[in-house]
Every structure is written in C-alpha cells, then in structure tokens.
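Notes follow the structure.
The values are calculated or read from the model by the stated rules, or taken from the named source; none is laboratory data. This structure is a prediction, so every number in the text was calculated from the model and none was measured. We place every Cβ from the backbone using ideal geometry, glycine too, and count neighbours over all the protein chains shown.
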Amino acid sequence: MKILVVDDEADVRTLFEQRFRREIRSGLFSFSFAYSGEEALDYLHAHASEVVLILSDINMPGMSGLELLRQIKQEYAAPPPPPSPQVMMITAYGDTESREQALQLGAFDFLTKPVDFAALKDKLLTLASHEN
C-alpha cells in the first residue's frame, strides 16, 4: 500500500521509517513524503494512481492540510480512475472544530499528535487487508 505523508516537520520521515521498518522491508507499506500541501499536490499529479492513503498534518505554512484535503476531494471526486485516495488528518490540535471540518471535507480519519503509532499501524494494516 502506497502512503503519502504530508508534514512540514523534517523529522517525520525518520520517525515513520523507524516505526514501520518491518512493514516497509516486507513491501506491505511504501511511504513517500511531502513537506507542504503544494508539494503533496505536485506529487499526486505525478503519481495519482499509486497513492492509496494520505496522512496529512493540518497546520502547515502555506497551504494547510484542510485546504489540501479540499483540493484532493475536488480533483479526485469522481471516476474515471484513479480513485480518490483516502485522507487521514493528523494534528497537534485535537479541537472539535478542526475534526468536524476535516470530516465534513471528506477525511477518512483524524488523529492527534503525538501519534499513537501502534494504533496507526493497526489502522493501516486494516486498510491494507481491505485493499487486497
């Protein structure tokens, strides 16, 4: 399963590569990283048919994760393929307003930082099993 992680924090790549080392090595998960909403859209335009899930931070300079979510849902709203990737929002601010806005915009799920990697891994494994 191809996952695009969007977060303006540079250490997020190392964190994900450490936490999912076994799944990456086995080929179960493949991660790509974008450090802004704009970079994520560029990546999606070039690799749209590959990305199954997007994990996006909400609070980023420039385009916020919510604006990224809005654009993804507009651009990939209908057939023909590729199907719209699932988007899971991650934020340090677990406020109700952001959560409701993300879910209204079509977010698949909403997680707060610090990320519970055990719970995230369970969610990703469940998604991967439904994909096959």
(message) So if I check each of Leu103, Leu44, Leu124, which one is of a type in the set (A, V, I, L, M, F, W, C), within 21 Å of Asp8 (Cα to Cα) and at pLDDT 85 or above?
(response) Leu44
(request) Kindly provide the set of residues from the stretch 51-67 that are more than 19 Å from Asp95 (Cα to Cα) and within 13 Å of the chain's Cα centre (by Cα), ordered by number. (result) Val51, Val52, Leu53, Ile54
(message) So for the stretch 7-27 (the condition being under 10 Å from the mean Cα position of the chain (by Cα) and either surrounded by fewer than 21 Cβ atoms within 10 Å (Cβ to Cβ) or outside any helix (DSSP H, G or I) (or both)), does at least one residue qualify?
(response) yes
(request) Return the total of residues in the stretch 40-63 being of a type in the set (A, V, I, L, M), in a helix (DSSP H, G or I) and more than 22 Å from Ala128 (Cβ to Cβ). (result) 2
(request) Note down all Cβ pairs under 8 Å where the first residue falls in the stretch 23-46 and is free of Cβ contacts under 8 Å to residues at least 12 places away in the same chain, the second is charged (D, E, K, R), and they're at least six residues apart or on different chains. (result) Ile24/Glu17
(request) Keeping to the stretch 40-63, report how many residues are surrounded by fewer than 18 Cβ atoms within 10 Å (Cβ to Cβ) and either within 16 Å of Leu111 (Cα to Cα) or among the charged types (D, E, K, R) (or both). (result) 3
(request) Check Arg99 against each of (1) in contact with a helix residue (DSSP H, G or I) (Cβ under 9 Å, 6 or more places away or on another chain); (2) crowded, with 17+ Cβ neighbours inside 10 Å and name the one condition it does not meet. (result) (1)
(request) Only residues in the stretch 87-104 that are touching a residue at least 60 places away in the same chain (Cβ under 8 Å) count as the first member; pair them with residues that are surrounded by 20 or more Cβ atoms within 10 Å (Cβ to Cβ), Cβ under 7 angstrom, at least 6 apart or cross-chain, and list the lot. (result) Ile90/Leu55; Ile90/Ser56; Ile90/Asp57
